[in-house]
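Have a look at the structure below before the remarks.
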Ligand SMILES: NC(=O)C1=CN([C@@H]2O[C@H](COP(=O)(O)OP(=O)(O)OC[C@H]3O[C@@H](n4cnc5c(N)ncnc54)[C@H](O)[C@@H]3O)[C@@H](O)[C@H]2O)C=CC1
Ligand SMILES: CCCCCC(=O)CC\C=C/C=C/C=C/[C@@H](O)[C@@H](O)CCCC(=O)O
């Protein structure tokens, strides 16, 4: 996707992977709205980006993605402020197996809502110009992981992405939907996960056996790949210290015999 002059909305963008994704999008010439509940970090990031990329290209919007009205209001503000919307990165997420309903709300319910809003504002059938949605899942959404609710939310994001990314939908709305699945990456989420001790110990072990931590730029390379590969729709990209690979694009039983796959009908 060519991003010069386009408009992006990134949730959970005050810090961490969301901030890294937002900066990569700015570097490619787009305007970016940063949504987050962390007002001080969000304002600081926006001020930093304004200095580097221009005050007219970045704005912070205080938004709890789990509050339906706030998320809807934030999408409307972005369109009012920048005059359109072309790219949504549903990135905000937490790991909390104690307050597990909250974990589902932030990581899955809000991503469903973010996708619906993205389709509402970008979908051609609604008067939009088409666009791209990238959902932040995790390797935990692809393989067994010690924190089951977190893993469920991330697997849910994979299923959501694949199904919203069906080609017949693309033919109607011209909005591609893809997911990024990183492994352990150095950000604040690793610092203090609210999980029982056994889960924590097991994660430490997985981290060691998996080859250690990635850094934010490693994951941003995955975002760049999804931005560059305009033919990808419903794609799920695993990003680990071992490299990147697309997941699960084998045919279902309905296509298996013929080996056919309907081509994309529209490239946004
Ligand atoms: N760091 C890692 O190892 C991995 C992270 N992920 C995913 O990447 C995404 C970003 O996480 P990180 O940057 O690692 O963590 P982080 O904790 O540094 O950043 C998360 C951001 O989301 C914001 N946020 C949390 N709840 C929110 C809400 N209700 N509304 C709006 N904003 C909210 C936080 O304020 C924070 O700025 C998450 O979805 C996480 O599950 C996926 C795989 C690996
Ligand atoms: C194999 C799937 C990896 C998926 C990772 C995620 O989606 C994010 C998980 C969120 C929190 C995990 C916390 C884990 C903490 C411990 O492993 C701890 O050892 C991390 C230490 C970090 C460091 O050394 O700086």
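Which condition breaks for residue 180 when tested against (1) within 15 Å of the chain's Cα centre (by Cα); (2) over 25 Å from residue 4 (Cβ atoms); (3) within 10 Å of ligand 1 (Cβ to nearest atom)?
So residue 180 meets the others, but not (2).
Quick check: anything in the stretch 165-181 closer than 24 Å to residue 214 by Cβ, without any contact (Cβ under 8 Å) to a residue 60 or more places away in the chain and more than 13 Å from ligand 2 (Cβ to nearest atom)?
Scanning the stretch 165-181, I find at least one residue that is closer than 24 Å to residue 214 by Cβ, without any contact (Cβ under 8 Å) to a residue 60 or more places away in the chain and more than 13 Å from ligand 2 (Cβ to nearest atom), so the answer is yes.
Select from the stretch 182-193 the residues that are more than 8 Å from ligand 2 (Cβ to nearest atom) and at pLDDT below 95 and list them in ascending order.
Selection gives 192 alone.
Check off (1) touching a residue at least 24 places away in the same chain (Cβ under 8 Å); (2) closer than 21 Å to residue 248 by Cβ for residue 187 and give me the number that stays unchecked.
(2)
How about the stretch 207-224: which of its residues are near ligand 2 (Cβ under 10 Å from one of its atoms) and either over 16 Å from residue 239 (Cβ atoms) or free of Cβ contacts under 8 Å to residues at least 24 places away in the same chain (or both)?
If the condition is that a residue be near ligand 2 (Cβ under 10 Å from one of its atoms) and either over 16 Å from residue 239 (Cβ atoms) or free of Cβ contacts under 8 Å to residues at least 24 places away in the same chain (or both), then 207, 208, 209 are the ones that fit.
Restricting to the stretch 148-165, name every residue that is within 11 Å of ligand 1 (Cβ to nearest atom) and either in a strand (DSSP E or B) or touching a strand residue (DSSP E or B) at 6+ places or on another chain (Cβ under 9 Å) (or both).
If the condition is that a residue be within 11 Å of ligand 1 (Cβ to nearest atom) and either in a strand (DSSP E or B) or touching a strand residue (DSSP E or B) at 6+ places or on another chain (Cβ under 9 Å) (or both), then 150, 154, 157 are the ones that fit.
Out of (1) crowded, with 16+ Cβ neighbours inside 10 Å; (2) touching a residue at least 24 places away in the same chain (Cβ under 8 Å), what's the single condition that is false for residue 196?
Going through (1) crowded, with 16+ Cβ neighbours inside 10 Å; (2) touching a residue at least 24 places away in the same chain (Cβ under 8 Å) one by one, residue 196 breaks only (1).
Please verify whether the stretch 115-132 includes one or more residues that are buried (at least 19 other Cβ atoms within 10 Å of the Cβ) and near ligand 1 (Cβ under 10 Å from one of its atoms).
No, the conditions are met nowhere in the stretch 115-132.
If a residue counts only when it is within 16 Å of ligand 2 (Cβ to nearest atom) and either closer than 25 Å to residue 238 by Cα or more than 19 Å from the chain's Cα centre (by Cα) (or both), which strands (runs of 3 or more DSSP E) contained entirely in the stretch 38-146 have at least 1 such residues?
In the stretch 38-146, the matching strands (runs of 3 or more DSSP E) lie at 87-90, 131-136.
The values are calculated or read from the model by the stated rules, or taken from the named source; none is laboratory data. Model, not experiment: these values are computed from the prediction. Note that each Cβ is placed from the backbone with ideal geometry, even for glycine, and that neighbours are counted across all protein chains shown.
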